1. Consider Ile376 carefully, then state whether it is loosely packed, with under 15 Cβ neighbours inside 10 Å and of a type outside the set (S, T, N, Q).
2. Just checking, how many residues over segment 379-404 are surrounded by 15 or more Cβ atoms within 10 Å (Cβ to Cβ) and part of a loop (DSSP other than H, G, I, E, B)?
3. Return the pair list, or none, for Cβ contacts closer than 7 Å from residues in segment 120-149 that are within 12 Å of Val69 (Cβ to Cβ) to residues that are open to solvent by 20 Å² or more (accessible area, probe 1.4 Å) and among the charged types (D, E, K, R), at least 6 apart or on different chains.
4. Count, please, the residues in segment 90-113 that happen to be open to solvent by less than 10 Å² (accessible area, probe 1.4 Å), out of contact with any Asp or Glu (no Cβ under 9 Å at 6 or more places or on another chain) and closer than 30 Å to Ile25 by Cβ.
5. With the requirement that a residue be modelled with pLDDT of 85 or more, over 19 Å from the mean Cα position of the chain (by Cα) and open to solvent by 20 Å² or more (accessible area, probe 1.4 Å), what does segment 486-527 give you?
6. Can you go through Asp36, Asp78 and tell me which one is open to solvent by 20 Å² or more (accessible area, probe 1.4 Å) and not aromatic (Phe, Trp, Tyr)?
7. If you go through segment 160-180 one residue at a time, do you hit one that is over 26 Å from Arg487 (Cα atoms), in a helix (DSSP H, G or I) and either of a type in the set (Lys, Arg) or in contact (Cβ under 8 Å) with a residue 40 or more places away in the chain (or both)?
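The values are calculated or read from the model by the stated rules, or taken from the named source; none is laboratory data. Since we're looking at a predicted model, the values are computed, not measured. Reconstructed Cβ throughout: ideal geometry from the backbone, glycine too, with neighbour counts over all protein chains shown. Accessible surface areas use protein heavy atoms only, side chains included; no ligands, DNA or RNA. Shrake-Rupley method; radii C 1.70, N 1.55, O 1.52, S 1.80 Å.
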Amino acid sequence: MENSRAKKTCCEYVHDFFTSSKFLIYLGHALSTWGDRMWNFAVAVFLVELYSNSLLLTAVYGLVMAGSVLLLGAIIGDWVDKNPRLKVAQTSLIAQNTCVMACGIILMVVFRFKEQLMEVYNGWLLTACYILVISIANMANLASTAMSITIQRDWVVVVAGQDSSKLADMNATVRIIDQLTNILAPMLVGQIMSFGSHFIGCGFISGWNLFSMFMEYMLLWKVYQKTPALAVKAGQKEQHEHELKELSPLKELEAGQSPEESSQPLMNASALAVKTEAPPKERGCCDQVARTLRTFKAGWEAYYNQSIFFAGMSLAFLYMTVLGFDCITTGYAYTQGLNGSILSLLMGASAVSGICGTVAFTWVRKKCGLIRTGFISGAAQLSCLMLCVFSVFAPGSPLDLSISPFRDVYSHLIGEKTLPEAEQLISDLTGGNVTATSAPTEDLPSLKSYMSVSLLFAGVIAARVGLWSFDLTVTQLIQENVIETERGVINGVQNSMNYLLDLLHFIMVILAPNPEAFGLLVIISVSFVAAGHVMYFYFAFKSLGYRLFLCCSPEQKVETDESPSPTNVI
């Protein structure tokens, strides 16, 4: 009897896992991030292709997205906090996928009829299409931000309940899904565009988002049904109880009390009735703008008053870096002789390193506690980034601060001239005669010339272990120590801080775009990362004191000396 029961339990375990709220969240997140990664990869390629191989539209698109989240992050989070969870998730899901599908359809039209559109109104109709694509894509990104806050920062916490270990495992699994989709999704859509066309790529992405929207909608509904706690929000529950308390005088009158026994309740009930019957006051545009500004200000004040403020700031400072696998670092790698094949292998190694970081997070957290995990991860990341600093001074480094950072601008101006004019300009600047055949021939790259770039990417890849572990640590600290009524707005402001530092790093690159100044950018980046980890050390030492260095001592939840008071609730 016991054996049959054990076999049944084993079979049911698999069934229960694949029907559990946890697995359904994983599946829905995988579908969502797969579509996001395909779109984010493809839209940059589409904009470059449409604008005659120029990065202008791509740069405008990135600037608009970052600026929108920076300005509207707190407002998006406030909207997430003040509305029911299911409504927020469904609205964000539909808005995101609908906007991506609309962008895909518009791009298909532009790719098919680009020449005809250029002839209408002297090309202004085509320009309007570009503006429309960027605007709708920005709306999709804002909806994606709201969806990310709702699912990854709120629903995951509710599904995990009070189990900190379960929350850590869910966060790590979600991050592993992000890493895998970040590799596989661009590979798939890239192959489709290579063997097919950009027109087919747009159609595939639009079709995927249509399919994904219905699947995710169904999965969200299933998770909502299986987790009754998602139907209750702290702020909405208190508001409902307050409304019931105000309506209690009316109920007492209906119960048959005499006017003498309930004279005061009668006055309250009359006042409430008058207040209820009064027509709602219409708010003008100025009132709406003022309310939005108050929400923005209150959101940032609430973020500043959090006990985990320095931990959140430390994570934001990590975005002020060129040491990642973005367009800047890959562009520098091309100037150092690395081809696309090698870069794809390095990106794969980076993803594997990130997955190792998520696995290490769960193990270290169980052994040392959550706050110490962040301290250990930060120390590991900073130690690995020292290789990047060494690469600046290693053989093969192009570091040369004597070259003007605006050299590329001069080169662009020269390139616009005819060959004789360019030769004459160079001759005037150098004081010598330069001919078209006097350019020196480049030697073949040697092993010595690759030492600098090898140290750089070795440091970047190794640092991903500490980076992702640290990111998960701060994420869980925010999840566990921010009250439910402020969870959305605090995460919205955190996203704004991340985008702000990310914008600063792009501005830094604009000021020094040539490869000879990249070593200086590396040193500045490592300095910002170090400053971020100093902030986290201050937070950790303030929370644990000397017990921070004793991994065997118990770790408690962050003390709320600066815990959010009711006045901070938006």
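1. no
2. 5
3. So the pair list comes out as Ser144/Asp36.
4. 3
5. Leu520, Ile523, Ile524, Ser527
6. None of the other options fit; the residue is Asp36.
7. Yes, segment 160-180 contains at least one residue that is over 26 Å from Arg487 (Cα atoms), in a helix (DSSP H, G or I) and either of a type in the set (Lys, Arg) or in contact (Cβ under 8 Å) with a residue 40 or more places away in the chain (or both).
Condition check ((1) farther than 30 Å from Arg294 by Cβ; (2) in a helix (DSSP H, G or I); (3) open to solvent by less than 70 Å² (accessible area, probe 1.4 Å); (4) modelled with pLDDT of 85 or more) across all residues:
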{"site": "Cys10", "(1), (2), (3), (4)": "yes, yes, no, no"}
{"site": "Phe41", "(1), (2), (3), (4)": "yes, yes, no, no"}
{"site": "Val45", "(1), (2), (3), (4)": "yes, yes, yes, no"}
{"site": "Val48", "(1), (2), (3), (4)": "yes, yes, yes, no"}
{"site": "Leu63", "(1), (2), (3), (4)": "no, yes, no, no"}
{"site": "Leu71", "(1), (2), (3), (4)": "no, yes, no, yes"}
